[in-house]
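The values are calculated or read from the model by the stated rules, or taken from the named source; none is laboratory data. Note that the coordinates shown come from a computational prediction; the quantities given were computed from them, not determined experimentally. All Cβ positions, even for glycine, are placed from backbone atoms using ideal geometry, and neighbour counts span all protein chains on display.
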Amino acid sequence: MKVTNGKPDKISRRNFLSRLVAAGFGSSLIVSVRPSLASFTGPESYNVLVVGDSLMWGQGLREQDKAYSLVADWLRHGAFDSQRVVELKVKAHSGSTLRFHSDDAEKYRRIGRDENFYYKPELNIGPPSIWKQLETADAEYRSAASHGADLILIAGSAPDVAVDKILDPSGDDTILRDDIERYCHRDMVDVLRFAAEKNPAATVAVLGYYPMISSKTSSSRLLNADLELKSFPHLLKPLINNPLFRSVYFKKLRRKAQRRSGIWAAESTKALRAAVDELNKQLGENHAVFVPSPVNDDNTFETPNSLLFGFRGSHTDDPLYSERSAQCRETLPRLKKEADIVVPLRFCENAAIGHPNPAGAKAYFEAIRTVIQPLISR
C-alpha cells in the first residue's frame, strides 16, 4: 500500500508481495566440480570462478561471510593433502539474468552503453548477464595464459523467471510453471554447456532454489516487510498490520502466495536437476552435480530459525544496508533519466531481503562441500 495526497491507496491483489520479492528472494547456485579435480596436483593455481546473480554474489554479506569465500578458504586449507594456491575470480552480481534481455539491451544501447558497463554488484541491475560473465572470465584466463577454471560456482535463472511475479497471489500457476521450465531447464542447459566449453577442466553442479515463504513465516513480519518496501507511513501501519486485518484479508493473499512459493521451490528444483542430467548426457560424462538447498520451510523467510535476511525496523537487517542505500540513491536517478530504466529505490535499498544471512551462507557452503568433497583426492 502507498499513500497518495495523504490518503492510503488500496492494496491490490496483483501487486501484494510483488514488491517484497522484487527485492530478490530466491536464486539458484551451481557448483562446478569436475571429476578431474580429484587428480589435480600440478604447479598451477587452482582457479575458482564465481558467476551468477545475487545468491552467488552473496547479497548483503560481508566478503568473509559469503559462500564462495568459505569455499575458497576450505580449498586453501582443508580440501587437499596440502595447502593450495587458490585464485578466486568473482563476476557474479545482483540482478544478473542468464542472458541480456533484448528490451533492456535496447535501452542501454540508446545511451551508448553495452553489457560490460560496470555497476556496483550490490545493485540489483541486470547487466552483465551470466553468459557475458563467462565470456569475460574466459578472455581474462586466455590473456593470462591460464588453463581456465577448475571449479565454477554459478547461480542463475531466478531473475529471468522474474521473482516479483513468483509470489503474486493473482498470478497464473501455469505461466509460472512454463517460465520455470524455460529458464531453469532449457536456458540453463545452454549456459551450463557454454561454461563447460569455455572451462573444459571444470564441471557444473546446481544448488536448488528454496521456498520463499512457508506456513511458519510470521504473518506480521511478512506484512511489515511488504509495507516497508512500499514506504507506507509508520504511523498508519497499525491500521493495516493488525490481527483483524491479517486474519480476514491478508490470510487469503498469503495462502495463495504460499502455494506459489511451493510451486517455485519444487518445480525449479526439478528443472535444474533436469538441466544437470541433460548436460551430462550430452557431454558423455558427469560435468554437473546437483546441490540441494539447505533452506526449507522450517528456516525460510521470517521463521523462528530463519537462514535469510529479514526486516528489522524500517530496513533489512544485513550489514551492507547503509552502503547499498547510498549506492542506490546515487545510481538509480541517473539510470531512469538516461535510459528510462526504473528500479524502485526501496527495492534496491532492501535488496538483501530473503537472501542467505551469515548462517545461511555457511549452510550453503556446507552443502557445496558435502557434494564436492568426495571428488577431491585427499
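Values as computed for the structure displayed
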{"item": "Residue match in the stretch 64-74 (condition: free of Cβ contacts under 8 Å to residues at least 40 places away in the same chain and surrounded by fewer than 19 Cβ atoms within 10 Å (Cβ to Cβ))", "result": "yes"}
{"item": "The stretch 221-265: number of residues that are acidic (Asp, Glu) and modelled with pLDDT of 95 or more", "result": "0"}
{"item": "Some residue of the stretch 266-277 being crowded, with 19+ Cβ neighbours inside 10 Å, in contact with a strand residue (DSSP E or B) (Cβ under 7 Å, 6 or more places away or on another chain) and either over 27 Å from Asn357 (Cβ atoms) or modelled with pLDDT under 95 (or both)", "result": "yes"}
{"item": "Residues that are aliphatic (A, V, I, L, M) and in contact (Cβ under 8 Å) with a residue 40 or more places away in the chain, drawn from the stretch 240-280", "result": "Ile240, Leu253, Ala257, Ile263, Ala265, Ala271, Leu272, Ala274, Ala275, Val276, Leu279"}
{"item": "Some residue of the stretch 90-101 being modelled with pLDDT under 75, assigned to a loop (DSSP other than H, G, I, E, B) and either within 23 Å of Glu349 (Cα to Cα) or β-branched (Val, Ile, Thr) (or both)", "result": "no"}
{"item": "The stretch 106-148, residues that are part of a loop (DSSP other than H, G, I, E, B) and closer than 22 Å to Val163 by Cα", "result": "Glu115, Tyr119, Lys120, Pro121, Glu122, Leu123, Asn124, Ile125, Gly126, Pro127, Pro128, Ser129"}
{"item": "Residue, surrounded by the most Cβ atoms within 10 Å (Cβ to Cβ), within the stretch 341-367, restricted to residues that are aromatic (Phe, Trp, Tyr) and over 14 Å from the mean Cα position of the chain (by Cα)", "result": "Phe365"}
{"item": "Residues within the stretch 278-314 that are assigned to a strand (DSSP E or B) and modelled with pLDDT of 95 or more, tallied", "result": "1"}
{"item": "All positions within the stretch 142-156 that are in contact with a Lys or Arg (Cβ under 9 Å, 6 or more places away or on another chain) and not aliphatic (A, V, I, L, M)", "result": "Gly148, Asp150"}
{"item": "Filter pass, Asp160 being part of a helix (DSSP H, G or I) and on the phi < 0 side of the Ramachandran plot", "result": "yes"}
{"item": "Within the stretch 185-201, considering residues that are surrounded by fewer than 24 Cβ atoms within 10 Å (Cβ to Cβ) and outside any helix (DSSP H, G or I), the one modelled with the lowest pLDDT", "result": "Ala201"}
